[in-house]
Amino acid sequence: MAKFCLEIGVPLESLKTVVTKAEELKFNGIFYGDSLGSYQLECWSTLAIISSYTKSIRLGPAVTFPLIRHPSILARTAATIDQFSNGRLEFRVGLGGKTMKNDSEKYGFNFRTYNERIKILDESLQIIESLWKNDETNFDGEYFKLNSARREVAPIQNNGPPITIAGKSPGILELLGKYGDVWEAGGKKDSNYPLLIEKVDSICSKYNKPKIEKSIELFVLFEKEESNVHNDVFDGWNFVNGNAEGISKKIQEFIDVGFNRFAVYFVNNDGNPFRQNEKSIVEQMELFKDLVIPNLEN
């Protein structure tokens, strides 16, 4: 059975309505966006708020970035959220692309080269896993050094929250094999998903992870019929629009290829497509749960 999670970026005044509705409709998870340069709230603080509003639904960042957070702080923040949510956190990480580059230029972070970001993420995940699992961590890396760092705050989940690795590049897929529990393909279209799935399966087989979950980000907009609205904005992205039957058909194609998790971002139908409107997102959540998910074959 495929899992359907929501990616959201709603403001504080809409947060409780949206997340409690998602839990009521039995979506599998809520992932909040992590960006310095958007209208969204600070991600990790918001996850604590979401946790306080909900009881059972899993939660996490859409994708968070060790590039701009020291892994020792990130490990403790995640462990704190996992405790507060009673073991519901999903730890979702990536390198950061164009958006992160723009944010770095605006807010004073050093946006590293691809190879540097791979090394930083690799070292960060080693440190984070150790701080979750071990009483003491010593680490002497190229970018980080820890000396007798104690584990003062531990996550509830055994061995820490499940780790999602987001991205498609060879370096990222190698990190998926080393550290990942879930693979996130992201929202950019790929020219050959069957081949990409084969690469993921090959990497995971190498690291003895044959049953890793495979997730993909979709931007969804319900309309009476498929139109060209927002096509310029979502050119090159996984934008799925139209009526429930058409949306079901497109999602079924991803299931047939091998994806079994979906991170769904409901596009605003009035104005800025990325600035989610409470009324619009709730309506689309209900349509998706009632008219799309029941029509899918897993």
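Please treat every number below as a calculation from the coordinates, not as lab data. These figures come from a predicted structure and were not determined experimentally. Glycine also receives a Cβ, built like all others from the backbone with ideal geometry; neighbour counts cover every protein chain displayed.
Values computed for the structure shown
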| item | result |
| --- | --- |
| Phi-based couplings in Hz for segment 88-94 (Karplus 6.51, -1.76, 1.60; Gly and Pro marked x) | 10, 6, 10, 9, 10, 10, x |
| Spacing of the two label points (7 Å from each Cα toward its C-beta) at Glu174 and Asn243, in nm | 5.0 |
| Simple Cβ-charge dipole of segment 123-194, Lys/Arg +1 and Asp/Glu -1, about Cα centre, in debye nearest 20 | 220 |
| Amide H contacts under 5 Å for Val220, placed H, 5+ residues apart | Val240, Tyr265, Phe266, Val267 |
| Antiparallel %, DSSP beta bridges [both residues in segment 63-167], to 5 | 50 |
| Helix 98-107 vs. the chain, principal-axis angle (Cα, 0 to 90°, nearest 10) | 60 |
| Whole-Hz ³J(HN,Hα) from phi, Karplus 6.51 cos²θ - 1.76 cosθ + 1.60, for segment 170-182, glycine and proline x | x, x, 5, 5, 5, 5, 4, x, 6, 10, x, 10, 9 |
| Hz values of 3J(HN,Hα) by residue in segment 210-220 - Karplus curve (6.51, -1.76, 1.60), Gly and Pro given as x | x, 10, 5, 6, 10, 10, 9, 8, 10, 9, 10 |
| Simple spin-label estimate for Asn134 and Lys224 in nanometres, 7 Å along Cα-Cβ | 6.3 |
| Packing-based ranking, highest mean first, of 210-217, 224-231 given that Cβ atoms within 10 Å are counted | 210-217, 224-231 |
| Mean Cβ count within 10 Å, highest first, over the residues of peptides 131-140, 243-252 | 243-252, 131-140 |
| Angle in degrees between helix 278-287 and the longest Cα principal axis of the chain, rounded to the nearest 10 | 70 |
| Positive dipole terminus of the chain, leading residue within Ser85, Val182, Ile73 (C-beta point charges) | Ile73 |
| Cβ-based exposure ranking for Trp183, Trp44, in which fewest neighbours within 10 Å come first | Trp44, Trp183 |
| Spin-label zone in segment 31-64 - amide nitrogen under 17 Å from a point set 7 Å from the Cα of Lys188 along the C-beta vector | 63-64 |
| Over segment 63-167: Rg over Rh, Cα atoms, Kirkwood Rh | 0.98 |
| About the Cα centre, charge dipole magnitude for segment 63-167 (Lys/Arg +1, Asp/Glu -1 at Cβ), debye | 320 |
| Selection from Pro210, Val220, Gly236 lying farthest towards where the dipole of segment 172-276 points positive, charges on Cβ | Pro210 |
| Of all DSSP beta bridges in the chain, antiparallel share, percent nearest 5 | 15 |
| Positive dipole terminus of the chain, leading residue within Phe288, Pro155, Asn115 (C-beta point charges) | Pro155 |
| Once the Cα gyration tensor of the chain is diagonalised, semi-axes √(5λ) in Å | 31, 21, 19 |
| Relative contact order (percent, whole number), the chain, Cα cutoff 8 Å, 6+ residue spacing | 18 |
| Cα-projected label distance for Asn272 with Glu297, points at 7 Å along beta-carbon direction, nm | 4.2 |
| Rounded tilt (10° steps) of 12-24 against the dominant C-alpha axis of the chain | 80 |
| Relative contact order of segment 63-167, defined on C-alpha pairs under 8 angstrom at six or more residues apart (%) | 39 |
| Debye, to nearest 20: dipole size of the chain, +1 on Lys, Arg Cβ, -1 on Asp, Glu Cβ | 600 |
